[in-house]
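Report on one structure; see the data block that follows.
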Amino acid sequence: MKTIIKITFLAISLCPALNAHLEKTRLTGSYLGQNPPGLTPEVFAPEIISTDAHEFSCCFSPDGNEIYFTRMNPEERQNYIMFTRLTDGSWTEPVELKPKK
């Protein structure tokens, strides 16, 4: 019985941290919820678009609902075109665009 109480307490205590993490990774609004471009350079969407890999050539669709960018895998020295879309108010996880066969 004590084990069940401990597990329940642990689960309840972790809920706020898990919720904060999910809110952090759930990107909403224009520019992935980032500040609009200004005069001071800032890292764009850390850990989502800007990662430890080398990202470059970011562009938005004319309506601002899609973002395309290039990510280079440092180990392979291979470039990948990545894509994310604003769907139902939230941005999708960036995925690699693959050619249709």
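The values are calculated or read from the model by the stated rules, or taken from the named source; none is laboratory data. Keep in mind that what you see is a predicted model, and the values were worked out from it rather than measured. As a convention, Cβ positions derive from the backbone with ideal geometry for all residues, glycine included, and neighbour counts pool all protein chains shown.
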Just to be sure before I move on: is SER90 at positive phi, of a type in the set (Ser, Thr, Tyr) and touching a strand residue (DSSP E or B) at 6+ places or on another chain (Cβ under 7 Å) in the structure I sent?
no
Among the residues of the stretch 65-97, write down those that are outside any strand (DSSP E or B) and either in contact with a Pro (Cβ under 7 Å, 6 or more places away or on another chain) or closer than 13 Å to ILE48 by Cα (or both).
THR92, GLU93, PRO94
Filter pass, THR3 being at pLDDT 85 or above, over 13 Å from the mean Cα position of the chain (by Cα) and of a type outside the set (D, E, K, R)
no
Just checking, which of LEU22, LEU32, LEU14 is over 16 Å from the mean Cα position of the chain (by Cα) and either part of a helix (DSSP H, G or I) or at pLDDT 75 or above (or both)?
LEU14
Looking at the stretch 35-59, I want the residues that are part of a strand (DSSP E or B) and have a partner that is among the polar types (S, T, N, Q) with Cβ atoms under 6 Å, at least 6 apart or on another chain. Which pairs are those?
PHE56/THR70; SER57/THR70
Which residue, of ILE67, ILE48, is surrounded by 10 or more Cβ atoms within 10 Å (Cβ to Cβ), under 13 Å from the mean Cα position of the chain (by Cα), at pLDDT 90 or above and of a type outside the set (Asp, Glu)?
ILE67
